[in-house]
Amino acid sequence: MMLEEKARQAIKKFKLIQQDEHLLVGVSGGSDSMALLHLLCKLKTEYNLHLVVAHVDHMFRGDQSYEDYVFVEKYCAEWGVTFEGTRINVPEYINNTGKSSQVASREVRYKFFEEIMSKYAIHKLVLAHHGDDQLETILMRLTRGATGEARAGIKIRRTLREYEIIRPFLWASKDDVEEYCFNHGIAYRLDASNEKPVYARNRYRLHVLPFLKQENARVHEHFQRFSEELLEDEAFLNALAEEHLRAMVLKKDKEVKISIDKLLQTPKPLQRRCIQLILNYLYFERQEDLSATHIQSMITLFQSSHPSGEVHLPAGLKVIKSYNECIFTFGKSDPESYSYTIHIQGETILPNGRKIQAVKNQSIDDKSNNIFVINFEDIHLPLTVRTRKDGDRMRVKGLNGSRKVKNIFIDKKVPVTERALWPIVEDANQEILWIPGLVKSDKEVVKESKSFITLKYV
């Protein structure tokens, strides 16, 4: 089957192009993108298309890359297509940012694409990735340990922010592209860097793909079928995972807190996908360094009998386990300490979102650890609410001697992530009177006097 027929079938099956559409076409000047531009020009009348070409000179190859720029500009003029080009010093950008050449090139290229799409009010970008590119991508990702839908490689259509990317050549091979260029007399530019084994993708192209094609000339079609089926499977399983995830999420904002028990109660295939959904939510951009190994390290942490532990992920994301809870956060592990004076007949707002109310001579029929009552004559004012300190101890009501606050937190199974902000109430002599919600000291009154204070943790 010829390239044009394969592309037409993909366009029809996946509804890639509609009538009267405005399309931005990424054109490097190589055989792939020149074949794509030629085909879209053929479809221009049939679909009443409005085409704009975008070209980026990354300035890696000096005069040669500039000649690519001029070449594409010339062809656009001959074919009557609007041309938008730019020259960006990517080597300098790499030096300033420390990013790899591939990541840096992609960033500046897509930024330019978005600028041009905004300029012309275009919402669809057409790229010339083909079946050989798909083969390379899937093999590279599997080798690196990709998980979930990342294993499916390049999507034939993909939404990115406010626009969509389509790739009508994914069912075709590199040979199909070159045959099309030969049959239609399409000139194109050659990039010698594509033959250098310094890049991983080139090593797959030069050493792995020839073997696979020798085994099966249609291997690219089988990989594309695998990609589409995997995406369908992932969509179904992710929908199930979302249902389970809603039941296990305890908090969701800039950080996510989940119940570990509820996660481990779900089927294993959904456990991995629940974690992946959380990561997708928290990461603004896809993390190239994130792999199945990271997912498994989190599951291992959750299954561990140890009550606490951490896993550190790319971009500073921390996964912090504490008993039956786990927090995914970019925040600091140790929040800032605080110390506030408690005003009688007032309330003190705490960083954990709760507050302490202090009232005089008000009896409350509540014996829980959220209420603490003390006589004026038994304490030294002012009262203070603060965070814990190393070596904190208190005399717990009903127990002989004193106990370390650290051990009280452990006994009460207070999550590690919450201990640093948990309120502790002491008097002017720095004697701990009460840990709200947990324990009371032996200073709590047995019988109220004429003058007493009631503290409420609400």
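The values are calculated or read from the model by the stated rules, or taken from the named source; none is laboratory data. Model, not experiment: these values are computed from the prediction. Note: ideal-geometry Cβ built from the backbone for every residue, glycine included; neighbour counts use all protein chains shown.
So here's what we get for this one:
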quantity: Failed item, numbered, when Gln276 is tested on (1) polar (S, T, N, Q); (2) modelled with pLDDT of 90 or more; (3) surrounded by fewer than 18 Cβ atoms within 10 Å (Cβ to Cβ); calculated: (3)
quantity: Odd one out for Ala239, checked against (1) in contact with a helix residue (DSSP H, G or I) (Cβ under 9 Å, 6 or more places away or on another chain); (2) over 30 Å from Gln64 (Cα atoms); (3) aliphatic (A, V, I, L, M); (4) not assigned by TED's automatic domain parsing to the domain that holds Lys119; calculated: (1)
quantity: The stretch 63-121 - residue that is under 31 Å from the mean Cα position of the chain (by Cα) and within 21 Å of Leu43 (Cα to Cα) and, of those, surrounded by the most Cβ atoms within 10 Å (Cβ to Cβ); calculated: Met117
quantity: The stretch 8-38, residues that are among the hydrophobic types (A, V, I, L, M, F, W, C), out of contact with any helix residue (DSSP H, G or I) (no Cβ under 6 Å at 6 or more places or on another chain) and part of a helix (DSSP H, G or I); calculated: Ala10, Ile11, Met34, Leu36, Leu37
quantity: Residues that are modelled with pLDDT of 90 or more, closer than 18 Å to Tyr323 by Cβ and not in a strand (DSSP E or B), drawn from the stretch 415-458; calculated: Trp422, Gly437, Leu438
quantity: Scope the stretch 400-430; condition farther than 20 Å from Gly309 by Cβ and without any contact (Cβ under 8 Å) to a residue 40 or more places away in the chain; matching residues; calculated: Asn400, Gly401, Ser402, Arg403, Lys404, Val405, Ile408, Ile424, Gln430
quantity: Some residue of the stretch 47-70 being in the same structural domain as Arg189 (by TED's automatic domain parsing), part of a helix (DSSP H, G or I), over 21 Å from Asn183 (Cβ atoms) and aliphatic (A, V, I, L, M); calculated: yes
quantity: Qualifying residues in the stretch 269-291 (those that are part of a helix (DSSP H, G or I) and out of contact with any helix residue (DSSP H, G or I) (no Cβ under 8 Å at 6 or more places or on another chain)) - the one nearest to Phe330 (Cα to Cα); calculated: Leu282
quantity: Subset of the stretch 317-360 [in contact with a His (Cβ under 7 Å, 6 or more places away or on another chain) and hydrophobic (A, V, I, L, M, F, W, C)]; calculated: Ala358
quantity: Qualifying positions in the stretch 42-78 - touching a residue at least 40 places away in the same chain (Cβ under 8 Å) and basic (Lys, Arg); calculated: Arg61
quantity: Selected residue (criterion: farthest from Thr137 (Cα to Cα)) from residues of the stretch 214-248 that are among the basic types (Lys, Arg) and part of a helix (DSSP H, G or I); calculated: Arg246
quantity: Residue satisfying condition, being in contact with a Lys or Arg (Cβ under 7 Å, 6 or more places away or on another chain), of a type outside the set (A, V, I, L, M, F, W, C), part of a strand (DSSP E or B) and loosely packed, with under 15 Cβ neighbours inside 10 Å, within set Lys251, Lys257; calculated: Lys251
